[in-house]
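Student: Dropping the structure in here first, questions after.
Nothing in this text is a laboratory measurement; each read-out follows from the coordinates by a stated rule. Owing to the predicted nature of the structure, the values given are computational and were not obtained by experimental measurement. Cβ coordinates were reconstructed from backbone atoms using ideal geometry, including for glycine residues, and neighbour counts include every protein chain displayed.
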Amino acid sequence: MSLRFYDTAQAEVRDFAPLIPGKASLYYCGATVQGMPHVGHIRSAIAFDQLTRWLEARGHRVTVVRNVTDIDDKILAKSLASYGAGAADVDPAMVPDEPWWALAYRYELEFTTAYDALGVRRPTYEPRATGHIPEMHALIGQLIERGHAYPALDDSGDVYFDVRSWPAYGSLTRQNIDDMQGAPDAGPRGKRDPRDFALWKGSKDTDPPSASWPSPWGSGRPGWHLECSAMVTKYLGPEFDIHGGGLDLRFPHHENEMAQSQAAGHPFARFWMHNGMVTYQGEKMSKSVGNTVSPAEMLAVAGPRVVRYYLGQAHYRSVLDYSPSSLEEAAAAVGRIDGFLAKASARVGEAEGATDPAAHLPEEFGRAMDDDLNVPQALAVLHGTVRAGNTALADGNDAAAGAALAAVSAMTRVLGLDDAQQPAGSGKSADGIALDSLVRSQLAQRDEARAARDWSRADAIRDALAAAGVTVEDSAAGATWRLEAR
């Protein structure tokens, strides 16, 4: 089977072949850094991290661009609110008298911390919107010249995209323009049509001077949709392979991106891929309801490997529903995987193919991932291989156990589970080396106690390790240990 992905624009699963053979280009929407990350942000990043890893496993060199929106109405509003810190409705994370750019950078670092903890690899490029104002001006100029944009009819300094000048507007989400509603602020700002959207926003009296840039249309700042079109074109060119993001971005953000880019003469994305939302016990997560869950909250009750497994286990297009027992179930699954890896490694040594996992991937796993990243089916293959490996260990079949070890190791690496445990490419972490040394010291003392038939001391050592989350397993080859997933 060839690689096949669901294309939102065509509403079907299609064969994927990159624009340039052997190279794939991916742009997916990163954070608008106006607050702390939530699991919806991280689920999206994990989905496109899995896509990147699978494209690489199939032999493609992948260029990944993930933007940072660091100028936005909400960022400016939060910064303005920080100057009145102490009000009842102010975010408790607010820093008093914090400039907008400092607020944006502080939250950007929080996103980076969450991405790193859960094994989301850094993109090839991670451009900030504020660093690409000249490219945005150039794009606006092209659209005005082609008759698809116009300066506002009042003296606001705004520039708008003329949606009725582009007949294909609405095609991504299959909407008729006459059925769309205009933005709430459609009237006062000089639009020809209430559905037209801002490419450039003229400065307001409430805007800090540092949040405005000079332009041919007056001082101001970019519109949200324009930012992505300008940045992706700079780094990936006018046509590229895949544009990704959360399902909630299809309209208006991605619809507007596609319209303005194609109206400027750019073919733009050949595939549009969207990941599903995260819900809480069947309800949409919402700050107003108080049912949002952050990555930090998940990591407080489970290890990064478990959280990564949970957030990446469903098909990327499906809804992922969170409940208090979700991480327990993920921990049990990861525990079964890691238990086999520990036992098999102790029996047959390190897995083969650590530097080339693709060579050891089962064919069924590959077919599942080729079929629109069917991770649930791929995980079924992973757990089936774990069961077969455990059977081989019990039967003393070291050759079969070694083959299962190589396959399981390859699958966990391709799924990114290994990088959620430690930084990519770092080998064992310093903490891991220290823990291994301490546990082995305790096991040596336990061996001495058993040799002296001091069973109570041996049991006490084992019980102390178990209380710390370390499971000890005895075999003819000696004792092995593993850290239980939590």
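Student: For the stretch 4-279, what is the Kirkwood estimate of the hydrodynamic radius, computed as the reciprocal of the mean inverse distance between distinct Cα atoms, to one decimal in Å? All intermediate terms of the calculation are to be shown ahead of the outcome.
Tutor: On the way: mean 1/r = 0.0510 Å⁻¹.
Computed over Cα pairs of the stretch 4-279, the Kirkwood hydrodynamic radius comes out at 19.6 Å.
Student: Using only the alpha carbons, work out the radius of gyration and Dmax of the stretch 104-252 in angstrom.
Tutor: 16.9, 49
Student: Please get the size of the charge dipole for the stretch 106-221, origin at its Cα centre, with Cβ charges of +1 on Lys and Arg and -1 on Asp and Glu, quoted in debye to the nearest 20. List each step's numbers first, then the result.
Tutor: Details: 14 positive and 17 negative charges, 50 e Å.
The calculated dipole for the stretch 106-221 is roughly 240 debye.
Student: Moving on. Quick check on the stretch 4-279: of the DSSP beta bridges with both residues there, what percent are antiparallel, nearest 5%?
Tutor: Numbers: 15 of 34 bridges.
Approximately 45 percent, going by the DSSP bridge assignments.
Student: Estimate the FRET efficiency between LEU247 and ALA342 by the formula 1/(1 + (r/R0)^6), using the beta-carbon distance for r and 60 Å for R0, to the nearest 0.05.
Tutor: Taking R0 as 60 Å, the efficiency between LEU247 and ALA342 is 0.95.
Student: On to the next question. Identify the residues of the stretch 188-211 with backbone N under 20 Å of a label point that sits 7 angstrom from the Cα of ASP154 along the Cα-to-Cβ direction, or state none.
Tutor: 188-208
Student: Taking amide H positions as placed 1.01 Å from N in the peptide plane, with prolines and chain starts having none, which residues 5 or more places from TYR6, or on another chain, fall under 5 Å of its amide H?
Tutor: ARG14
Student: Looking at the chain, what % of the alpha carbon pairs are farther apart than 44 Å?
Tutor: Details: 28021 of 117855 pairs.
Taking all Cα-Cα pairs of the chain, the fraction more than 44 Å apart is 24 percent.
Student: Let me ask something else. Across the stretch 264-279, in residue order, what do the Karplus-derived ³J(HN,Hα) couplings come to in whole Hz, using 6.51 cos²θ - 1.76 cosθ + 1.60 with θ = phi - 60° and x for Gly and Pro?
Tutor: Each residue of the stretch 264-279 in turn: 7, x, 9, x, 6, 6, 8, 10, 10, 10, 10, 8, x, 8, 10, 10 Hz.
Student: Given the -39500 (n - 2.57) contribution per DSSP H run of 4+ residues, what per-residue ellipticity at 222 nm results for the chain, rounded to the nearest 500 deg cm²/dmol?
Tutor: Numbers: 14 runs with 200 residues, N = 486.
Calculated at 222 nm, the ellipticity per residue is -13500 deg cm²/dmol.
Student: Using a Förster distance of 51 Å, how high is the FRET efficiency between HIS383 and ASP205, based on the Cβ-Cβ distance and rounded to 0.05? The partial results should precede the final answer.
Tutor: Values: r = 60 Å, r/R0 = 1.18.
With a Förster radius of 51 Å, E is 0.25.
Student: Please name which of ALA211, TYR105, VAL65 has its Cα lying farthest along the dipole of the chain towards the positive end, using unit charges on Cβ (Lys, Arg +1; Asp, Glu -1) and the Cα centre as origin.
Tutor: VAL65
Student: So, in nm, how far is label ILE20 from label LEU435 when the simple model puts each one 7 Å beyond its Cα toward the Cβ?
Tutor: Each label point lies 7 Å from its Cα, and together they span 4.1 nm.
Student: Let me ask something additional. What size of dipole, in debye to the nearest 20, comes out for the stretch 193-341 about its Cα centre when the only charges are +1 on Lys and Arg C-beta atoms and -1 on Asp and Glu C-beta atoms?
Tutor: Numbers: 13 positive and 16 negative charges, 32 e Å.
Dipole of the stretch 193-341, to the nearest 20 debye: 160 debye.
Student: Which residue, chosen from VAL159, ILE140, LEU172, occupies the Cα position most advanced towards the positive end of the dipole of the stretch 138-182, where the dipole is computed from +1 (Lys, Arg) and -1 (Asp, Glu) charges on Cβ about the Cα centre?
Tutor: LEU172
Student: I've got another one for you. Would you mind checking which residues have amide H under 5 Å from ALA149's amide H? H placed 1.01 Å from N; only 5 or more apart, or other chain.
Tutor: Amide H neighbours of ALA149, under 5 Å, 5+ apart: ILE144, ASP162.
Student: Obtain the nm distance between the two label points defined at VAL301 and SER456 by a simple spin-label model: each point lies 7 Å from its Cα along the Cα-to-C-beta direction.
Tutor: Here the modelled spin labels are 3.9 nm apart.
Student: Rounded to the nearest 20 debye, what is the charge dipole size of the chain about its Cα centre when +1 sits on each Lys and Arg Cβ and -1 on each Asp and Glu Cβ? Mind dumping the intermediate values first?
Tutor: Working: 47 positive and 63 negative charges, 108 e Å.
Using only the charged Cβ atoms, the result is roughly 520 debye.
Student: Search the structure for amide H atoms under 5 Å from the amide H of ARG317, placed 1.01 Å from N in the peptide plane, and list their residues when 5 or more places away or on another chain.
Tutor: GLY276
Student: Using the charge dipole of the chain (Lys, Arg: +1 at Cβ; Asp, Glu: -1 at Cβ; taken about the Cα centre), state which of HIS243, SER456, LEU51 has its Cα farthest towards the positive end.
Tutor: Projecting each Cα onto the dipole axis, the largest value belongs to SER456.
Student: Once you place label points 7 Å from the Cα toward the Cβ at ALA102 and VAL293, how far apart are they in nm?
Tutor: Here the modelled spin labels are 3.5 nm apart.
Student: I need the calculated FRET efficiency for the pair ASP193 and SER171, taking r as the beta carbon distance and R₀ as 22 Å, to the nearest 0.05.
Tutor: Details: r = 18 Å, r/R0 = 0.80.
That gives a FRET efficiency of 0.80.
Student: With just the Cα atoms of the stretch 42-140, tell me how far they stretch along each of the three principal axes, in Å, largest first.
Tutor: Extents along the principal axes, in whole Å: 54, 37, 15.
Student: Give the share of C-alpha pairs in each 10 angstrom bin for the stretch 325-414, from 0 to the last occupied bin, in whole percents, shortest bins first.
Tutor: Taking all Cα pairs of the stretch 325-414, the binned fractions are 18, 50, 28, 4 percent.
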